[in-house]
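What follows is one structure encoded as structure tokens, with my remarks underneath.
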């Protein structure tokens, strides 16, 4: 089973999560986690799709590393200015 972490629960992250939960679009078993700085947003998407949610501040490098450790895929749906920091965290794990 693939562990997939989606960073960002806004419009883009919500659509990505929805598509990954659609068995016709994305067959196979997966463990999905959606994360956002605003836990309410992440929980709203997670509750609608039956997946897990967590609060995550991507500016907290150590917390981000702990969150994505052990994941098979990290999908970045947060603002572009965090791309380099998120890529660095992914390279570490």
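Does region 28-41 contain at least one residue that is without any contact (Cβ under 8 Å) to a residue 12 or more places away in the chain and more than 17 Å from residue 2 (Cα to Cα)?
Scanning region 28-41 turns up at least one residue that is without any contact (Cβ under 8 Å) to a residue 12 or more places away in the chain and more than 17 Å from residue 2 (Cα to Cα).
Report, by residue number, each residue of region 78-93 that is outside any helix (DSSP H, G or I) and surrounded by fewer than 15 Cβ atoms within 10 Å (Cβ to Cβ).
79, 93
Go through region 2-48 and give me each residue that's over 11 Å from the mean Cα position of the chain (by Cα) and at positive phi.
28
Can you tell me how many residues in region 61-77 are crowded, with 19+ Cβ neighbours inside 10 Å and assigned to a helix (DSSP H, G or I)?
3
On the given criteria, is residue 45 outside any loop (DSSP other than H, G, I, E, B), closer than 15 Å to residue 5 by Cβ and touching a helix residue (DSSP H, G or I) at 6+ places or on another chain (Cβ under 7 Å)?
Spelling it out, residue 45 is indeed outside any loop (DSSP other than H, G, I, E, B), closer than 15 Å to residue 5 by Cβ and touching a helix residue (DSSP H, G or I) at 6+ places or on another chain (Cβ under 7 Å).
Hey, can you tell me all the residues within region 12-39 that are under 17 Å from residue 75 (Cα atoms) and part of a helix (DSSP H, G or I)?
Scanning region 12-39 gives 12, 13, 14, 15, 16, 17, 18, 19, 20, 21.
Here are some conditions: (1) farther than 15 Å from residue 89 by Cα; (2) modelled with pLDDT of 95 or more; (3) surrounded by fewer than 21 Cβ atoms within 10 Å (Cβ to Cβ); (4) in contact with a strand residue (DSSP E or B) (Cβ under 9 Å, 6 or more places away or on another chain). Residue 2 meets all but one. Which one does it not meet?
(2)
Out of the residues in region 48-67 meeting the condition of being in contact with a helix residue (DSSP H, G or I) (Cβ under 6 Å, 6 or more places away or on another chain) and in contact (Cβ under 8 Å) with a residue 24 or more places away in the chain, tell me which one is farthest from residue 17 (Cα to Cα).
Among residues in region 48-67 that are in contact with a helix residue (DSSP H, G or I) (Cβ under 6 Å, 6 or more places away or on another chain) and in contact (Cβ under 8 Å) with a residue 24 or more places away in the chain, the one farthest from residue 17 (Cα to Cα) is 65.
The values are calculated or read from the model by the stated rules, or taken from the named source; none is laboratory data. This one's a predicted model, so the numbers in the text were calculated from it and none came from an experiment. Virtual Cβ from ideal backbone geometry, glycine too; neighbours counted across all protein chains shown.
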